[in-house]
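Worksheet: the structure to be examined is printed underneath.
The values are calculated or read from the model by the stated rules, or taken from the named source; none is laboratory data. Bear in mind the structure is a predicted one, so any value in this text is a computation, not a measurement. Glycine also receives a Cβ, built like all others from the backbone with ideal geometry; neighbour counts cover every protein chain displayed.
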Amino acid sequence: MTAVKPVLCEISTEPLSTDAHQAAVAGPASGAIVVFSGVVRDHDDGRSVVSLEYVGHPSAAEVLRACREEILADPLVHAVAVSHRIGDLRIGDAALVAAVSAAHRAEAFAACERLVDIVKERLPIWKRQVFPDGTDEWVNCP
């Protein structure tokens, strides 16, 4: 009997691991695993950024699970893991990690791209960018 891997799909205040996401989707039938890491950068729209804060709506975990399930419904996709971090993040921290496995690379790349796109579009998480002069800006707020 094959052990069932736990599903990795969470909103977390803890640092995200690309290795953990890759391991969560690995399997003997999967010839391709694509892992994406959305990392906090030091600039936005021509301005320097010193830190970010992500704030999530209470429904964020449910929305993230629905995004995962939508991609997993593709019969060419073997497994999906996705997590988003909230709270205070520094430059270089991973804010979003997604991993998808499939038999072949084309399917894995396409599914991972779709996953990241729908998470960015639907997930009710907003970010506050902090600039060197102490000012800030909220991004992606409804």
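For the stretch 105-124, check the following and say yes or no: at least one residue is in contact with a His (Cβ under 8 Å, 6 or more places away or on another chain) and over 22 Å from I33 (Cβ atoms).
Yes, the stretch 105-124 contains at least one residue that is in contact with a His (Cβ under 8 Å, 6 or more places away or on another chain) and over 22 Å from I33 (Cβ atoms).
Take the conditions at pLDDT 95 or above and under 15 Å from I11 (Cα atoms) and apply them to R105. Does it pass?
In short, no.
Checking G134 against (1) small (G, A, S); (2) assigned to a strand (DSSP E or B); (3) within 30 Å of V50 (Cβ to Cβ), which single condition isn't satisfied?
The one condition G134 does not meet is (2).
When L76 is evaluated against the numbered criteria (1) at pLDDT 95 or above; (2) out of contact with any His (no Cβ under 9 Å at 6 or more places or on another chain), which criterion, by number, is the only one it fails?
All conditions pass for L76, except number (2).
Here are some conditions: (1) under 16 Å from G31 (Cβ atoms); (2) in contact with a helix residue (DSSP H, G or I) (Cβ under 7 Å, 6 or more places away or on another chain). C112 meets all but one. Which one does it not meet?
Status for C112: all satisfied but (2).
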